[in-house]
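Just below is one structure, and these are the notes that go with it.
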Amino acid sequence: MTDSQYYPFGMEVQNIYLVRYSIDTPPWELTGSIDIEQPKDGDYDSPNEEIEISFASDHLDYGRHILYMQGQDLTGQWGPVSAVYFAYEEPPPIEEDKLIFLPLIFK
């Protein structure tokens, strides 16, 4: 997440203050609570923050989904929405006759 995207156009760069995300629902259509993520380093203290998102998939249907992310800077301004497609696929069934047992070797 970065706040430096619009810097060449005269806007002052601010530290990232908050990052929110949603799945399949754009932020402008959200009602109720939103999911907030923390930066990987633990602190919002930079205009560029690396974010790692993890979520429970038990409420997702198998198929294609959209992950939306949006950052807010220290002045309270929300940045542009970023989106990425991802696929949540059903794992293949385990076929009993195809199980492979590997020996354990201890030294």
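The values are calculated or read from the model by the stated rules, or taken from the named source; none is laboratory data. Please read these numbers as outputs of a predicted model, since none were measured by experiment. Here the Cβ is made from the backbone with ideal geometry for all residues, glycine too, and neighbour counts use every protein chain on show.
The table below lists the values:
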read-out: Evaluation of residue 69 against (1) outside any strand (DSSP E or B); (2) surrounded by 13 or more Cβ atoms within 10 Å (Cβ to Cβ) (one fails), failing number; value: (1)
read-out: Yes/no for residue 31 being farther than 15 Å from residue 88 by Cα, β-branched (Val, Ile, Thr) and at pLDDT 70 or above; value: yes
read-out: Filtered residues of the range 45-66 (kept if part of a loop (DSSP other than H, G, I, E, B) and of a type in the set (Val, Ile, Thr)); value: 53
read-out: Members of the range 1-26 that are at pLDDT 75 or above, within 24 Å of residue 45 (Cβ to Cβ) and not charged (D, E, K, R); value: 13, 14, 15, 16, 17, 18, 19, 21
read-out: First in the range 55-70 and within 13 Å of residue 89 (Cα to Cα), second anywhere and among the hydrophobic types (A, V, I, L, M, F, W, C), Cβ under 8 Å, 6 or more apart; value: 60/23; 63/87; 64/86; 64/87; 65/23; 65/86; 65/87
read-out: Residues within the range 46-81 that are under 11 Å from the mean Cα position of the chain (by Cα), among the hydrophobic types (A, V, I, L, M, F, W, C), closer than 20 Å to residue 30 by Cα and modelled with pLDDT under 85, tallied; value: 2
